[in-house]
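K.L.:
Take this structure first; my questions come after.
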Amino acid sequence: MASRGGFNSRIGFIAAAAGSAVGLGNIWKFPFEVGDGGGAAFVVIYLAFAFLLCFPVMVTEIAIGRRTNKNPVGAFTDLGHKNWRIVGILGVLAGVLILSFYNVVAGWAFGYFVEMLMGHFTIGQNFGTFITDMVKVGSYGVLFMVATALIVSRGISGGIERASKILMPTLIVMMLGLVAYSFTLPHAIEGIKFYLLPDFSKITLPVMYNALGQAFFSLSLGMGALITYGSYVDKKENIVTSAAYITLADVGIAFLAGLMMFPFVFSQGLEPTGGAGLIFVTLPGIFGTLGPTLGILVGATFFLLLSFAALTSTVSLLEVPVSYVVDEHKVKRKKAVGLVAGVIFLLGIPSMMANGYSGFFSHFITYLGAGKATDFMTFIGHIASDSFLPLGGALIAIFAAYVWKKHNLNEEIEQGFPGFKGSLGEKYIDFAITYLAPVVLIIIFVLTVLDRFFGINYF
Ligand code: PFF
């Protein structure tokens, strides 16, 4: 499909998809989920979900995309009944909603890069002031959305592929440097122990569904981002090995993020359960203890890294609704990008104001049975990432196994992977999408909805 464009090389596709996967989810969210979830036990559960459950769903998404050459809405319509387009629409909506708040946090990360360059190490204590400064948060938000839109408007090979091929390796190098540095700190070993020695008594039901939710969000699954990227992939590519590289890169970088973070945290005698503030509140002070020169160098590198990781993810979040508008409504790419990015930015404004600036958005909704009000940004996260993604993942698996049918899926995978049919890999993927993923994901979806919206948790 020359008119839609496509990836130029295998490595370009892998870099872009890994770029989508690796983001705030890995570097910001993963360490605090591990901290809250009791350390190494959470890591073990997370890894098991990533490889056993998420990986087959990833293969399926890429195969659906490549088979149809379409955005998620077009893809489900092509392969199934028209009614299945609802799964694609759910994905497009999830992309729009997630990007609306993700862009705000990405803007904070870039803002912190600037603060670090200026040597403002006390920014951590002033996090509350920073995120209510609408001039700063608004400007960084605009900047981030414009950067994302510029890359997406250049199309697949010239924009997304090229940016990812530069940003991903840079990110890995910066990260390895920071990990090596964190190991040299006093008490680093305690952090490493907390992170790597599992205490299995810490595994509870909420820990399990947080781990699965985290794996889904982190691997960019359940909303058709990989259907969209898959639609630009050549038939001679091996989908299974590509998905394996993407999963490994994502899990590997989340793992490195933890390896870097816990020595930092323990070296300062801080609690690993610092929550969402772990990066924005705790880290700048730690960088400050390194002295002005090294502190600025390490601190600025860290937040630049976080911004790069976020950028390759915001690009994929924007590409999902953009490809939908381009394919289904026949709008030119540049115009579609301007339109969609503009709408998403506007939708993100309440999220910008939801962290203390506006009382209304900071205490937006009180769920049934909940003691306290939830802010708008968290509320959108509960809907889009915590609920839509597992639901989308379940529906994608059910669709492939029961509607499109496994033999068609396997045939698509076989292209680029001769010998796949009849292999153990085929059997496992078939089992995972027919039984494992639908059952587990529906259970998780129901539990999450009960927990998040009704305050009911069974454990
Ligand atoms: N995987 C990204 C992260 O971990 O930050 C977030 C994300 C990107 C989720 C794209 C979903 C998506 F389609």
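Each reported figure results from applying straightforward, stated rules to the coordinates on display, with no laboratory input. Since the model is a prediction, treat every value here as computed from it, not as a measurement. In this analysis, Cβ positions are derived from the backbone assuming ideal geometry, glycine residues included, and neighbour counts consider all displayed protein chains.
K.L.:
Say R0 is 41 Å: what FRET efficiency, to the nearest 0.05, do LYS427 and ILE189 get from their beta-carbon distance?
P.N.:
Efficiency, from the Cβ-Cβ distance: 0.45.
K.L.:
In deg cm²/dmol and to the nearest 500, what is the mean residue ellipticity at 222 nm of the chain if only DSSP H runs of at least 4 residues count, each as -39500 (n - 2.57), divided by the residue total?
P.N.:
Here the helix-only value at 222 nm equals -21500 deg cm²/dmol.
K.L.:
Enumerate the aspartates and glutamates that LYS372 could reach by cross-link, defined here as Cα to Cα under 17 Å, with residues fewer than 8 away along the same chain left out.
P.N.:
Leaving aside aspartates and glutamates fewer than 8 places away in the same chain, those within reach of LYS372 are ASP451.
K.L.:
Once label points are set 7 Å from the Cα along Cα→Cβ at both VAL343 and THR289, what is their separation, rounded to one decimal in nm?
P.N.:
Rounded to a tenth, the inter-label distance reads 4.8 nm.
K.L.:
Hey, can you list the DSSP H helices of the chain whose Cα span along the axis is 15 Å or longer and whose average Kyte-Doolittle score is at least -0.5?
P.N.:
Span-like helices in the chain: 10-21, 55-68, 85-117, 134-153, 162-183, 205-218, 239-267, 292-329, 333-352, 437-454.
K.L.:
Amide H of ASN71: which non-local residues (sequence gap of 5 or more, or other chain) have their own amide H closer than 5 Å, using H built in the peptide plane?
P.N.:
none
K.L.:
Could you please tell me the mean projected area of the C-alpha convex hull for segment 350-459, averaged over all directions and given in square nanometres to one decimal?
P.N.:
Averaged projected area of segment 350-459's Cα convex hull equals 9.7 nm².
K.L.:
Order 116-122, 58-64, 95-101, 335-341 from most to least packed using the mean count of other Cβ atoms within 10 Å.
P.N.:
So the order, starting with the most tightly packed, is 58-64, 95-101, 335-341, 116-122.
K.L.:
Based only on the alpha carbon positions, what is the Kirkwood hydrodynamic radius of segment 38-197, in angstrom?
P.N.:
That comes to 19.9 Å for segment 38-197.
K.L.:
Give me the one-decimal nm value for the distance between modelled label points at ILE456 and ALA370, 7 Å along each residue's Cα-to-Cβ direction.
P.N.:
Those two pseudo-labels are separated by 1.6 nm.
K.L.:
Once R0 is set to 25 Å, what does the formula 1/(1 + (r/R0)^6) return for the Cβ-Cβ distance between SER201 and ASN238, expressed as a FRET efficiency to the nearest 0.05?
P.N.:
0.05
K.L.:
Sorted by average packing, counted as other Cβ atoms within 10 angstrom per residue and highest first, what order do 310-317, 252-259 take?
P.N.:
Listed from highest to lowest mean packing, they are 310-317, 252-259.
K.L.:
OK, next. Per 0.36 nm of contour for each residue apart, how much would the distance between VAL142 and ILE11 grow if the chain were fully extended, relative to their Cα-Cα spacing?
P.N.:
Full-extension gain reported as 44.1 nm.
K.L.:
Sort 366-376, 144-154 by the packing proxy (mean of other Cβ within 10 Å over each peptide's residues), most packed first.
P.N.:
Answer by packing, highest mean first, reads 144-154, 366-376.
K.L.:
Let me ask something additional. Using alpha-carbon positions, what is the distance between the centroids of segment 341-415 and segment 60-121, in Å?
P.N.:
So the separation of the two Cα centres works out to 10 Å.
K.L.:
Also, I was wondering about something else. How much length is gained on full extension from ASN126 to HIS407, taking 0.36 nm per residue of separation minus their Cα-Cα distance?
P.N.:
So the chain would gain 95.5 nm between ASN126 and HIS407.
K.L.:
Something else now. For the pair ASN83 and HIS329, what calculated FRET efficiency results from E = 1/(1 + (r/R0)^6), where r is the Cβ-Cβ distance and R0 = 22 Å, to the nearest 0.05?
P.N.:
So the FRET efficiency works out to roughly 0.65.
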